[in-house]
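This report concerns only the one structure given below.
The values are calculated or read from the model by the stated rules, or taken from the named source; none is laboratory data. Since we're looking at a predicted model, the values are computed, not measured. Because the Cβ atoms are built from the backbone with ideal geometry, glycine has one as well, and the counts that use them run over all protein chains shown.
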């Protein structure tokens, strides 16, 4: 009886549905995202180009998912399915700017627009953390795009309030400078960048000064 009860108990546990939802992860920003945010030029990448499934190029009609083609027999009409072109599948750029408190949408692109860059540093250091270079590259590529190449930006370093203020000020300045130097090395003109370190003096709105979210680097469009 005990074995039967144990077996029934185990089977009931295995039959329980999973209660932990899959954690959603936000994809890292792309150069297109930065261009969209700072210039308002978000393009239209939602349209997926399609190509014919056969060698002959059919005449495109307004049918859904199909294209009309002309067969060898003029008196006969056939339909040829079109398949999506994987190379043309791109997600639409997103606006990275957060809406200010009380607002339902982020402000329109223009001077003063700011973005928290997803660029991490090693603990207590101004050295870029592993993986941060890819994000720095994406931002550099955006700054070199025609839509942004005439704009100037401030690179701001921020910390939380843990530790001595003077050390946090110095660390935030060095981290902002590290990113600026990286961007310059990628081809961004030095005179387009201003570097500022604010330490713990500018925590995020509604966030305790000692919260880890305040450890960040922001890019602000100046002109």
Just one of the numbered conditions (1) under 25 Å from residue 39 (Cα atoms); (2) assigned to a helix (DSSP H, G or I) is not true of residue 147; which one? (2)
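Is it the case, given these coordinates, that residue 94 is part of a strand (DSSP E or B), surrounded by fewer than 18 Cβ atoms within 10 Å (Cβ to Cβ) and touching a residue at least 12 places away in the same chain (Cβ under 8 Å)? Walk me through how you get there before you give the answer.
Numbers: part of a strand (DSSP E or B): no; surrounded by fewer than 18 Cβ atoms within 10 Å (Cβ to Cβ): yes; touching a residue at least 12 places away in the same chain (Cβ under 8 Å): yes.
Criteria not met by residue 94.
Picking from 206, 131, which residue would you name as being modelled with pLDDT under 95 and more than 18 Å from the chain's Cα centre (by Cα)? Steps first, please.
Working: 131 fails: more than 18 Å from the chain's Cα centre (by Cα).
Within the list 206, 131, the selection yields 206.
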Considering only region 199-207, I want to know if a residue exists there that is loosely packed, with under 14 Cβ neighbours inside 10 Å and in a helix (DSSP H, G or I). no
